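Engineer: If you scroll down you'll find the structure; I have some questions about it.
The values are calculated or read from the model by the stated rules, or taken from the named source; none is laboratory data. It should be emphasised that the depicted structure is a prediction, and the values quoted were computed from it without experimental measurement. Virtual Cβ from ideal backbone geometry, glycine too; neighbours counted across all protein chains shown. Note: areas computed on protein heavy atoms with side chains; ligands, DNA, RNA excluded. Shrake-Rupley method; radii C 1.70, N 1.55, O 1.52, S 1.80 Å.
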Amino acid sequence: MGIGKTLVARKKITQEQLDSALAARRNPGERVEKLLVQMGFVTERDVLEIIGEQLHIPVVDLNEVEIDKELLKQIPETIVHRYNLLPIDRTDGTIRVATSNAFNLYAFDELRMITGSKIEPVLAAEADIVRVIKQYFGVGGGTIRRMIGDDEVEVVSDHAEENGDLIEAAQEATVVKLVNEILIEAIRDRASDVHIEPYEHNLRIRYRIDGVLHTTNVPPEIRRFQNAIISRIKILSNLNIAERRLPQDGGFKIKTGNREIDLRVSIIPTAFGEAVVMRILDKASVLLSLNDLGMVDQVFEDFERLIRQPHGIVLVTGPTGSGKTTTLYAALNSIKSDKIKVLTVEDPIEYYLDGIQQVGVQRKIGLTFAFGLRSFLRHDPDVILVGEIRDLETAEVAVNASLTGHLVFSTLHTNDAPTANTRLLDMGVEPFLVSSSIEGVLAQRLVRRVCEFCKEPYEPDAASIPPDFDREPGEPLYHGAGCRECRHTGYKGRMGIFELLVMNDEIRNLIVNRGTATDVMTLARKKYGMRLLREDGWDKVRAGLTTIDEVMRVSKIV
């Protein structure tokens, strides 16, 4: 019985699904079980188990198998990449080889002739095989092997090339495929940035995942194709490929699966060539609701109330990369409706929001935050978002907008919530204007979440517990042991820790009298119960959501 009919007999799929897969075949030789998996009708594991039963080949989970690294060194990489085979181990002259295609007998014959050993195939999921091959041989390893072995590909040297040579090398199919593999791997790993860094003897590629940089494994030969890779990125970003002495900024858009992803590209000249950073702007990762941000209880209720005020300024503060834009977008998504007009002025526009008019700053033609904000007031808005208050002019226009009946959202670069008021005073805004316009300030940081797949209780060393962390005797703490899902980091995903200062009459009077940030913090804590960033972080540590190390990494003792 064929695999398709067996799946129907075992009620893994319906006859209609099998018929759909058969109709989708582009040629009679195309395997129907692959189409069934691609169409989402059945899992690859179900198919592998049936093939294994029919051919008497065992099915293995590569997550539970120890790979013989010495054996991998003895197998030509071209064989591994060409046939998507993974040698696992050798016992008594027999090599076990993982494959997702048990019908590719030529691959086993070639491997047998090269190694002189008996080959014993085992079945494993294709995605697992690809992951392990990348782990040991590097991202883009197969493509680089083909580039080295292909006489038609011109290897770009470190010396100056003519523009035509650069364009030709960058447009080679293999270079295009290599850049695509680097990007696809970054997106698959949920990276927010890709760093391509040239050094004297190697080219390093790092992905920023959950706010922390991780070096990805790439073949050392990738250094030979450095200029071709960077030229390809420049062509995609519509940049000048001949200019290597000056920094350049650009961007492009890619589509993978059903997702459209924007990439913002920054290139700077360094001692050993141009370094590239690509910011990955995935709309799906930022358009969260307020409930998804990690706000709890009182902070959530107070912030919800603040963003529904008829007028005033609501500030979100924190360093670069602390999630301020995500929080503001979540706030706008929460309050937008057909009954209100929302305008934003951003530098640059990171994500496009339905139902909201967005304007990008263009300093070359004089379109600054202040100019855009001033123009907005004639456009009959109810809510205005200003990307950042950077100077006195922007601050004064924002204050005037809030005092004339508009709700203004914006960001400031301060370390905590009480310092935001002091920062505006330092810019030159009058104290009575600050006190009468600011409704609330939210300070935030991002901490990594403990991976739910490998979460386990642990007992920290007494010396590693900070003095401001109160812990009940025997209270359980959790961390991630490390698994495939989290790339063995113990963390997967991020959440916010927050500090919310809500203005009231006493705090306003303190600001009018030019009280310090410390005075404001002391009053807000003692009389109104404001919780600090670290206190919110410790609550999340006790709840098993993050770890002591993460809270200490992003915050300091006050």
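Engineer: Beyond 27 Å, how much of the Cα-Cα pair distribution for region 385-531 remains, as a whole percent?
Structural biologist: Cα-Cα pairs in region 385-531 separated by more than 27 Å: 42 percent.
Engineer: What order do LYS177, LYS455 take when sorted by accessible area (1.4 Å probe), most exposed first?
Structural biologist: Values: LYS177 90, LYS455 70 Å².
The ordering from most to least exposed comes out as LYS177, LYS455.
Engineer: In addition: How much length is gained if the chain between LEU105 and LYS177 is pulled fully straight, taking 0.36 nm per residue apart and subtracting their Cα-Cα distance, in nm to one decimal? Write out the running numbers ahead of the final one.
Structural biologist: Values: separation 72, 0.36 × 72 = 25.92 nm, distance 2.73 nm.
Answer, rounded to one decimal: 23.2 nm.
Engineer: Once both axes come from the Cα atoms, what is the angle between helix 418-427 and the longest principal axis of the chain, in degrees from 0 to 90, rounded to 10?
Structural biologist: 70
Engineer: Now, a different point. With the crude spin-label approximation of a point 7 Å out along Cα→Cβ, what separation in nm comes out for ASP426 versus ASP468?
Structural biologist: 1.9
Engineer: Let me ask something else. Would you give the gap between the C-alpha center of region 238-273 and the C-alpha center of region 10-38, rounded to a whole Å?
Structural biologist: 41
Engineer: Another question, if that's okay. Which value, in Å² rounded to 10, gives the accessible area of ILE384 with a 1.4 Å probe and all protein chains present?
Structural biologist: 0
Engineer: For region 327-392, restrict the atom set to alpha-carbon positions and state the Rg and Dmax in Å.
Structural biologist: Here Rg and the maximum Cα pair distance are 11.7, 35 Å.
Engineer: Using the basic label-point model (7 angstrom from Cα toward the beta carbon), what is the HIS214 to GLU64 distance in nanometres?
Structural biologist: Each label point lies 7 Å from its Cα, and together they span 2.3 nm.
Engineer: Could I ask something else about it? Would you mind computing Rg(Cα) / (2.2 N^0.38 Å) for region 232-292, counting N as its residues?
Structural biologist: On the way: Rg = 14.7 Å, N = 61, 2.2 N^0.38 = 10.5 Å.
Taking N as the residue count of region 232-292, the ratio is 1.40.
Engineer: Once the Cα atoms of region 19-92 are picked out, what are the Rg and Dmax in Å?
Structural biologist: Taking only Cα atoms of region 19-92, I get Rg and Dmax of 16.0, 46 Å.
Engineer: What is region 264-412 by shape, rounded, prolate or oblate, if you read a ≥ b ≥ c off the alpha carbon gyration tensor as root eigenvalues and call it rounded for a/c under 1.5, prolate for a/b larger than b/c, and oblate otherwise? Before the final figure, lay out each step's value.
Structural biologist: Numbers: a/c = 1.92, a/b = 1.30, b/c = 1.47.
Since a/c reaches 1.5 but b/c is at least a/b, the shape of region 264-412 is classed as oblate.
Engineer: Then there's this: Just the Cα atoms of region 53-106: what Rg and Dmax do they give in Å?
Structural biologist: So, for region 53-106, Rg and Dmax equal 11.6, 32 Å respectively.
Engineer: Quickly work out the PHE252-to-THR91 label distance, labels modelled 7 Å from Cα along the C-beta direction, and quote it in nm with one decimal.
Structural biologist: Label at THR91, label at PHE252, 4.8 nm between them.
Engineer: Set Lys and Arg Cβ to +1 and Asp and Glu Cβ to -1, take the dipole of region 289-396 about its Cα centre, and tell me which of VAL359, THR325, VAL383 lies farthest positive.
Structural biologist: Going by the Cα projections, it comes out as VAL359.
Engineer: Also, I was wondering about something else. Give, rounded to the nearest 20 debye, the magnitude of the charge dipole that the chain has about its Cα centre when Lys and Arg contribute +1 at Cβ and Asp and Glu contribute -1 at Cβ. Could the numbers behind the result be given before it?
Structural biologist: Working: 70 positive and 83 negative charges, 125 e Å.
In total the dipole reaches around 600 debye.
Engineer: Given a 1.4 Å probe and every protein chain left where it sits, what share in percent of the accessible area of the chain is carbon and sulfur?
Structural biologist: Values: 13470 of 27370 Å².
Carbon with sulfur: 49 percent of the solvent-accessible area.
Engineer: Short version: what are the Cα gyration tensor semi-axes of region 170-213, square root of 5 times each eigenvalue, largest first, in whole Å? Intermediate values should be presented prior to the final figure.
Structural biologist: Details: eigenvalues 80, 51, 7 Å².
Taking √(5λ) for each eigenvalue gives 20, 16, 6 Å, largest first.
Engineer: Tell me, rounded to the nearest percent, the portion of alpha carbon pairs in region 467-558 spaced more than 14 Å apart. Let's see the in-between values first.
Structural biologist: On the way: 2981 of 4186 pairs.
Considering region 467-558, 71 percent of its Cα-Cα pairs are separated by more than 14 Å.
Engineer: Further, regarding this structure: Return the Rg/Rh ratio of region 299-360 with Cα-based radii and a Kirkwood Rh. Could the numbers behind the result be given before it?
Structural biologist: Working: Rg = 12.1 Å, Rh = 12.8 Å.
Radius of gyration relative to Kirkwood radius: 0.94.
Engineer: Still on this model: Express in nm, to one decimal, how much length is gained between GLU53 and ILE349 on full extension, taking 0.36 nm for each residue of separation and deducting their alpha carbon distance. Write down the numbers at each step before the final one.
Structural biologist: Numbers: separation 296, 0.36 × 296 = 106.56 nm, distance 5.46 nm.
Computed gain between GLU53 and ILE349 is 101.1 nm.
Engineer: Right, another one. Taking the radius of gyration and the Kirkwood hydrodynamic radius from Cα positions alone, what is the Rg/Rh ratio for region 172-296, to two decimal places?
Structural biologist: Details: Rg = 15.3 Å, Rh = 15.4 Å.
Value, to two decimals: 1.00.
Engineer: While we're looking at this one, here's another question. Based on the Cβ-Cβ distance of ARG26 and VAL512, what FRET efficiency does E = 1/(1 + (r/R0)^6) give at R0 = 60 Å, to the nearest 0.05?
Structural biologist: Calculated value: 0.20.
Engineer: Across all directions of projection, what mean area in square nanometres is found for the Cα convex hull of region 418-473?
Structural biologist: Details: hull surface 29.7 nm².
Result: 7.4 nm².
Engineer: For region 251-324, build the charge dipole from Cβ charges (+1 Lys, Arg; -1 Asp, Glu) around the Cα centre, then report which of GLY273, VAL316, LEU263 sits farthest towards its positive end.
Structural biologist: The listed residue farthest towards the positive side: GLY273.
Engineer: Which listed residue (VAL218, SER402, ALA186) has the Cα farthest towards the positive end of the charge dipole for the chain, taking +1 on Lys and Arg C-beta and -1 on Asp and Glu C-beta about the Cα centre?
Structural biologist: Going by the Cα projections, it comes out as SER402.
Engineer: Further question: Let's test the formula: R0 of 30 Å, r as the Cβ-Cβ distance of VAL296 and TYR458. What FRET efficiency results, to the nearest 0.05?
Structural biologist: Values: r = 23 Å, r/R0 = 0.78.
Efficiency, from the Cβ-Cβ distance: 0.80.
Engineer: Could you calculate the contour length gain from ILE184 to ASP519, that is, 0.36 nm times the residue separation minus the distance between their Cα atoms, to one decimal place in nm?
Structural biologist: Values: separation 335, 0.36 × 335 = 120.60 nm, distance 5.00 nm.
Gain on stretching ILE184 to ASP519: 115.6 nm.
Engineer: Might you tell me the accessible area per residue for the chain, computed with a 1.4 Å probe and given in Å²? Intermediate values should be presented prior to the final figure.
Structural biologist: Details: 27370 Å² over 558 residues.
Result: 49 Å² of accessible area for each residue.
Engineer: Hey, if we sort HIS379, HIS406 by accessible area with the 1.4 Å probe, largest down, what's the order?
Structural biologist: Values: HIS379 100, HIS406 25 Å².
Greatest to least solvent exposure: HIS379, HIS406.
Engineer: Below 16 Å, Cα to Cα, which lysines can LYS255 reach? Residues fewer than 8 away in the same chain don't count.
Structural biologist: LYS177, LYS283
Engineer: Leaving out ligands, DNA and RNA but keeping every protein chain, what accessible area does ARG525 have, in Å² rounded to the nearest 10, with a 1.4 Å probe?
Structural biologist: Around 90 Å² of this residue is reachable by solvent.
Engineer: Ok, one more. For the chain, what percent of Cα pairs sit more than 34 Å apart? Can you show the working numbers first?
Structural biologist: Numbers: 84945 of 155403 pairs.
Everything past 34 Å amounts to 55 percent.
Engineer: How large is the dipole of region 225-276 about the Cα centre if only Lys and Arg carry +1 and Asp and Glu carry -1, each at its Cβ, rounded to the nearest 20 debye? The partial results should precede the final answer.
Structural biologist: Numbers: 8 positive and 5 negative charges, 24 e Å.
Its charge dipole is roughly 120 debye.
Engineer: On to the next question. Taking a 1.4 Å probe, which of THR174, THR256, THR344 shows the most accessible area, and what order do the others take after it?
Structural biologist: On the way: THR174 25, THR256 45, THR344 0 Å².
Largest accessible area first, the list is THR256, THR174, THR344.
Engineer: Same structure, new question: Once you compute Rg and the Kirkwood Rh from C-alpha atoms, what is the Rg to Rh ratio for region 1-124? Provide the component values of the computation, followed by the final result.
Structural biologist: Numbers: Rg = 16.2 Å, Rh = 15.8 Å.
Across region 1-124, the Cα-based Rg/Rh ratio is 1.03.
Engineer: Relative to the Cα centre, what is the charge dipole magnitude of region 434-528, using +1 at the beta carbon of each Lys and Arg, -1 at the beta carbon of each Asp and Glu, and rounding to the nearest 20 debye?
Structural biologist: Working: 14 positive and 14 negative charges, 91 e Å.
Around 440 debye, computed over region 434-528.
Engineer: What FRET efficiency comes out for GLN74 versus GLU126 if R0 is 30 angstrom and r is the Cβ-Cβ distance? Round to the nearest 0.05.
Structural biologist: On the way: r = 24 Å, r/R0 = 0.79.
The formula returns an efficiency of 0.80 here.
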